[in-house]
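Engineer: If you scroll down you'll find the structure; I have some questions about it.
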Amino acid sequence: MSSGDTRPIGVFDSGMGGLTVLRAMAERLPNERFVYLGDTARLPYGTKSPETIKAYALKATQLLIDEGVKLVVIACNTASAVAIGPLSEALAPVPVIGVIEPGAAAGVDATKNKHIAVLATESTVKGNAYVRAIHALQGDIRVLQQPCQVFVAMAEEGWTDGPAARAAAEQYLATVFSGEDPPDTLVLGCTHFPVLAKMLGEVAGREVAIVDSARTTANAVAEALAELGLESDETPAPGKTTKIFATDSPERFARVGEIFLGRKLDADDIEQVDL
């Protein structure tokens, strides 16, 4: 029996938030192997110029290509917003999938009152990438963008619930829901935010749909693999599913990364590379 295409899927992020995407893909695609690169030496990308972000992303994703990946996932909202076009061109014929389009599509599908709020970092909000992606699908949807920079630090500290996290959520969401006819859908527009999804759903209320960018991206990858005939039919051996690279401090990557990946990480299993 054919085992399909057993080459790994490459996953790139400026840091560790993209591990939420890796986690969702591993759950959705148990037969696949993955190579993850976190460019931790040069984060945050959000403070860099578009030219610098493109240069960093091109250099980083070339490592994934050298690892023989069959598809590249840009698990970083900033890099997806700025560099998805240049990356798709540079890495061809290897297909490239970002996190913004799947999240936007899921938000459009979820909203009933045609009003979506995007919770994201300041740089993603300033870039308006989600607004463009949502309006490309349905132009009459209202999009409210709310920068939630504090959530990034809270996620990295593991403060996914508790008084501090809920106070921040209540503060941000009070702004989101303050007007008449408030949004009925929250798109989590940062790969750090899925670890806060349960708490955010409780603060927002059951009537508000929460769109998890990690899960929507995993679904988009599954669809692309099927469409392109790149699926693997062979379950990897235990411990052989994921190879992780970082450009700085494997120790910190392991300590913080396990919050997003949802399992223990050993610094000895993370290879530091110099790009």
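Engineer: Find the residue count for segment 12-48, including only residues that are under 19 Å from LYS264 (Cβ atoms), of a type in the set (A, V, I, L, M) and touching a strand residue (DSSP E or B) at 6+ places or on another chain (Cβ under 6 Å).
Structural biologist: Adding up the residues that qualify gives 2.
Engineer: Pull up segment 264-275, narrow it to residues that are at pLDDT 95 or above and touching a Lys or Arg at 6+ places or on another chain (Cβ under 9 Å), then point me to the one that is farthest from VAL11 (Cα to Cα).
Structural biologist: ALA267
Engineer: Here's a follow-up. Please work out which residue is nearest to the chain's Cα centre (by Cα), limiting yourself to segment 127-148 and to residues that are part of a helix (DSSP H, G or I) and more than 25 Å from GLU207 (Cα to Cα).
Structural biologist: First pass over segment 127-148, keeping only residues part of a helix (DSSP H, G or I): 127, 129-137.
Add one more test, that the residue is more than 25 Å from GLU207 (Cα to Cα), and what stays is 127, 129, 132, 136.
Details: GLY127: 16, ALA129: 14, ARG132: 18, ALA136: 20 Å.
It comes out as ALA129.
Engineer: Mind checking whether some residue in segment 193-201 is at pLDDT 95 or above and over 23 Å from GLY15 (Cβ atoms)?
Structural biologist: Yes.
Engineer: Which ones in segment 227-255 are at pLDDT 95 or above and hydrophobic (A, V, I, L, M, F, W, C)?
Structural biologist: Answer for segment 227-255, where residues must be at pLDDT 95 or above and hydrophobic (A, V, I, L, M, F, W, C): LEU228, LEU230, ILE244, PHE245, ALA246, PHE253, ALA254.
Engineer: Of the residues in segment 119-129, how many are in contact (Cβ under 8 Å) with a residue 12 or more places away in the chain and either surrounded by fewer than 19 Cβ atoms within 10 Å (Cβ to Cβ) or under 17 Å from PRO194 (Cα atoms) (or both)?
Structural biologist: 6
Engineer: What do you reckon, is VAL82 at pLDDT 95 or above and not hydroxyl-bearing (Ser, Thr, Tyr)?
Structural biologist: It is false that VAL82 is at pLDDT 95 or above and not hydroxyl-bearing (Ser, Thr, Tyr).
Engineer: Within segment 1-21, restricting attention to residues that are of a type in the set (Ser, Thr, Tyr) and buried (at least 24 other Cβ atoms within 10 Å of the Cβ), which residue is nearest to PRO238 (Cα to Cα)?
Structural biologist: Applying the filter and picking the extreme gives THR20.
Engineer: In addition: Just the residues that are charged (D, E, K, R) and without any contact (Cβ under 8 Å) to a residue 40 or more places away in the chain, please, taken from segment 60-109.
Structural biologist: Once the filter is applied, which keeps residues that are charged (D, E, K, R) and without any contact (Cβ under 8 Å) to a residue 40 or more places away in the chain, segment 60-109 yields ASP66, GLU89, ASP109.
Residue-wise test of (1) within 18 Å of the chain's Cα centre (by Cα); (2) closer than 12 Å to ILE9 by Cα; (3) free of Cβ contacts under 8 Å to residues at least 24 places away in the same chain.
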position	(1), (2), (3)
ASN219	yes, no, no
ALA222	yes, yes, no
THR235	no, no, no
THR247	no, no, no
ARG255	no, no, yes
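Engineer: Counting just the residues of segment 149-158 that are over 12 Å from GLY189 (Cα atoms) and assigned to a helix (DSSP H, G or I), which one comes out least open to solvent (accessible area, probe 1.4 Å)?
Structural biologist: For segment 149-158, the residue satisfying everything is ALA155.
Engineer: Still on this structure, I have one more. For segment 155-209, enumerate the residues that are among the polar types (S, T, N, Q) and over 19 Å from the mean Cα position of the chain (by Cα).
Structural biologist: Selection gives GLN171, THR175, SER178.
Engineer: Right, another one. Any idea which residue in segment 134-174 is nearest to GLY107 (Cα to Cα), counting only those that are of a type in the set (S, T, N, Q) and touching a residue at least 24 places away in the same chain (Cβ under 8 Å)?
Structural biologist: Among those that are of a type in the set (S, T, N, Q) and touching a residue at least 24 places away in the same chain (Cβ under 8 Å), it is GLN138.
Engineer: Considering (1) farther than 16 Å from THR20 by Cβ; (2) β-branched (Val, Ile, Thr); (3) assigned to a helix (DSSP H, G or I), say which one THR124 fails and leave the rest.
Structural biologist: It fails just one condition, (1).
Engineer: So which residues in segment 1-39 are touching a helix residue (DSSP H, G or I) at 6+ places or on another chain (Cβ under 8 Å), polar (S, T, N, Q) and modelled with pLDDT of 95 or more, if there are any at all?
Structural biologist: Listed by number, the list holds a single entry, THR20.
The values are calculated or read from the model by the stated rules, or taken from the named source; none is laboratory data. Since the model is a prediction, treat every value here as computed from it, not as a measurement. For neighbour counting, all protein chains shown are included, and Cβ atoms are generated from backbone atoms with ideal geometry for every residue, glycine included. The area values use the complete protein model at the heavy-atom level, side chains included, leaving out ligands, DNA and RNA. Shrake-Rupley method; radii C 1.70, N 1.55, O 1.52, S 1.80 Å.
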